Amino acid sequence: QVACVEVVEAYVERIKEVNPLINALVKDRFEEALQEARQVDKLLSEGPGDDCLEEKFPLLGVPITVKEAFSLYGMPNTSGLVNRRNVIATSDATVVSRLKQAGAIPLGVTNCSELCMWYESSNRVYGRTNNPYDLQRIVGGSSGGEGSVLAAACSVVGVGSDIGGSIRMPAFFNGVFGHKPTTGVVPNDGQFPNAHGVRTSYLCTGPMCRYAEDLEPVLRVMAGPGVSKLKLNEKVSLEKIKFHCMDHDGGSIFVSPVDKEILQAQKKVVEHLESDLGVRVQHVAIHKMKYSFQIWSAMMSSKDSEGQEAQRFTDLLGDHGKPVWPLWELMKWLMGMSSHTLPAIALGLTEKLVNLNLSGKAKLVSMGKSLQEEMEALLGPDGVLLYPSHPTIAPRHHSPICTPFNFAYTAIFNVLGLPVTQCPLGLGSEGLPLGIQLVAASYNDHLTLAVARYLEKAFGGWVLPGEV
């Protein structure tokens, strides 16, 4: 009905209109995208029947954006690290290549936090990204540019990655959908930094979208042959799902209490499920969730089965250059002379502390494994857990430095390997997005995706910023 060139031109115009405010897209490829759109229109005008094309190119002509940490040919690939600012990708990351082969058209790359290890997307290469609902608020991290660009209607689909909530926090703060797949299904190749050692089991690449129905087709393309492990062809009967609900983590001393408005939104979901589907949502209290941050931290820094140490963050900061001394960088930062962000320096400093108590760390790793078994048993083949996406709505810029461990609400599910869909639930009293995490047992991604589609219809899903 609409020429692909018109679609791409509309998105290009939208980006030019709002990107100066949000600073989400950090490098564009508009000329190449328009050229690819013309090729799509040519293919459609002379090609075989629509069914044949749909099968071969399921995402034909769909404009997408890609987190800058992923290789996209001809685009920068710095991950916000100053000493990589001249690095240009000479190939495509596996998922990017699969999306292109499916017909998607990348418009450019989006901002992230320095080395993808903080939940505010700001760095010394591209600056800070702003939330489209309130420019004084954060977009989350590390796939924050994606969350912002999607919420502002500048893209249809985003490519994100997630080792502690880096898809789900930006999706929550920006009122869009994000899916962290079951671990080990979607390939992580072609991103910097990539996971090594034990972290390869925790890093996940996944889709971010404005509309719930787009998650599944994009996930299919991203997963490639691995999609057979997921049960995406199984029909889901929502009435047969065993719903569980947990209002908070049990009161961790490291994490903020959950906002009343987030609890209220979750309560409305429970009430709607019970009245509309006739199901009974069981409230659960899983004691070990109280130690989410400690478990994530211990498991992230543990050795893998072959005894290989986890890669040190300070080595990554140096990126094959001189090693970075966090204390020295802090002194330089205080004098305005460091090329690193304060959160990155702080992470470098705390990294050393984690390994001081080895027996305590071993206990936490063991607790994590036992929590994983408990979760898998609770959820089983037909269970979905409702859990807050974050303790607060999108915080103001810089404030995460005062609540550095609040990402524990998303991070725990990375080390447990479970699939999670972040689902928006409209806007709160301050006009900022609310949302919820939907969690299932391993390889049951189809359940959380089905519930997300259902809740989108019930609660309205994504809301255009500035519309209310």
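Can you spot a residue in the stretch 256-270 that is closer than 17 Å to N444 by Cβ and out of contact with any Lys or Arg (no Cβ under 9 Å at 6 or more places or on another chain)?
no
If you scan the stretch 437-457, which residues turn out to be of a type in the set (D, E) and open to solvent by less than 10 Å² (accessible area, probe 1.4 Å)?
The answer is D445, and nothing else.
When you scan the stretch 220-227, do you find a residue that is modelled with pLDDT of 95 or more, touching an Asp or Glu at 6+ places or on another chain (Cβ under 7 Å) and open to solvent by 40 Å² or more (accessible area, probe 1.4 Å), even just one?
Looking through the stretch 220-227, none of the residues is modelled with pLDDT of 95 or more, touching an Asp or Glu at 6+ places or on another chain (Cβ under 7 Å) and open to solvent by 40 Å² or more (accessible area, probe 1.4 Å).
Filter the stretch 198-211 down to residues that are part of a helix (DSSP H, G or I) and closer than 23 Å to E68 by Cα and give me whichever is least open to solvent (accessible area, probe 1.4 Å).
R199
Do you know which residues across the stretch 1-17 are touching a residue at least 24 places away in the same chain (Cβ under 8 Å), under 25 Å from the mean Cα position of the chain (by Cα) and surrounded by fewer than 20 Cβ atoms within 10 Å (Cβ to Cβ)?
The one that is touching a residue at least 24 places away in the same chain (Cβ under 8 Å), under 25 Å from the mean Cα position of the chain (by Cα) and surrounded by fewer than 20 Cβ atoms within 10 Å (Cβ to Cβ): R14.
Within the stretch 123-133, work out how many residues are touching a Gly at 6+ places or on another chain (Cβ under 8 Å) and over 19 Å from R14 (Cβ atoms).
Total satisfying the criteria: 4.
Take the stretch 424-433 and flag every residue that is touching a helix residue (DSSP H, G or I) at 6+ places or on another chain (Cβ under 6 Å) and buried (at least 24 other Cβ atoms within 10 Å of the Cβ).
L425
Which condition does R280 not pass, out of (1) in contact with an Asp or Glu (Cβ under 8 Å, 6 or more places away or on another chain); (2) not in a loop (DSSP other than H, G, I, E, B), if it passes all the others?
For R280, the exception is condition (2).
Of the conditions (1) in a helix (DSSP H, G or I); (2) over 19 Å from F413 (Cβ atoms); (3) open to solvent by less than 20 Å² (accessible area, probe 1.4 Å), D214 clears all except one; give me its number.
Result: D214 fails condition (3) only.
Can we say T410 is within 20 Å of the chain's Cα centre (by Cα), modelled with pLDDT of 95 or more and not small (G, A, S)?
Taking the combined requirement at face value, the residue satisfies it.
So which of T410, T421, T392 ends up being part of a helix (DSSP H, G or I) and polar (S, T, N, Q)?
T410 is the lone residue from the list that is part of a helix (DSSP H, G or I) and polar (S, T, N, Q).
Determine which member of the set C116, C52 is under 18 Å from F173 (Cβ atoms), modelled with pLDDT under 95 and of a type in the set (A, V, I, L, M, F, W, C).
Step by step, each of C116, C52 is checked, and only C116 is under 18 Å from F173 (Cβ atoms), modelled with pLDDT under 95 and of a type in the set (A, V, I, L, M, F, W, C).
Looking only at the stretch 241-276, count every residue that is touching a residue at least 40 places away in the same chain (Cβ under 8 Å) and in a helix (DSSP H, G or I) and tell me the total.
Selection size over the stretch 241-276: 10.
For the stretch 285-303, which positions are open to solvent by 30 Å² or more (accessible area, probe 1.4 Å), among the hydrophobic types (A, V, I, L, M, F, W, C) and either in contact with a strand residue (DSSP E or B) (Cβ under 6 Å, 6 or more places away or on another chain) or assigned to a loop (DSSP other than H, G, I, E, B) (or both)?
Selection gives A285 alone.
Need at least 2 residues that are open to solvent by less than 10 Å² (accessible area, probe 1.4 Å) and within 19 Å of T392 (Cα to Cα) per element, so show me which strands (runs of 3 or more DSSP E) inside the stretch 71-184 make the cut, counting only ones lying wholly within it.
Answer list for the stretch 71-184: 177-180.
For the stretch 224-240, give me the residue count where each residue is assigned to a helix (DSSP H, G or I) and within 15 Å of D382 (Cα to Cα).
Total satisfying the criteria: 3.
From L115, L60, L81, grab the single residue that is farther than 23 Å from Y202 by Cα and touching a residue at least 12 places away in the same chain (Cβ under 8 Å).
L60
Hey, K27 hits all of (1) more than 30 Å from Q136 (Cβ to Cβ); (2) touching a Phe, Trp or Tyr at 6+ places or on another chain (Cβ under 9 Å); (3) of a type outside the set (S, T, Y); (4) open to solvent by 60 Å² or more (accessible area, probe 1.4 Å) but one; which does it fall short on?
K27 satisfies all of (1) more than 30 Å from Q136 (Cβ to Cβ); (2) touching a Phe, Trp or Tyr at 6+ places or on another chain (Cβ under 9 Å); (3) of a type outside the set (S, T, Y); (4) open to solvent by 60 Å² or more (accessible area, probe 1.4 Å) except (1).
Pick out the one residue from P404, P400 that is part of a helix (DSSP H, G or I), farther than 27 Å from A450 by Cα and touching a residue at least 24 places away in the same chain (Cβ under 8 Å).
Unique residue meeting the criteria: P400.
The values are calculated or read from the model by the stated rules, or taken from the named source; none is laboratory data. In this text, all values refer to a predicted model and were calculated from it rather than measured experimentally. Positions of Cβ are generated from backbone atoms using ideal geometry, with glycine treated the same way; all protein chains shown enter the neighbour counts. What goes into the accessible areas is simple: the full protein's heavy atoms, side chains included, and nothing from ligands, DNA or RNA. Shrake-Rupley method; radii C 1.70, N 1.55, O 1.52, S 1.80 Å.
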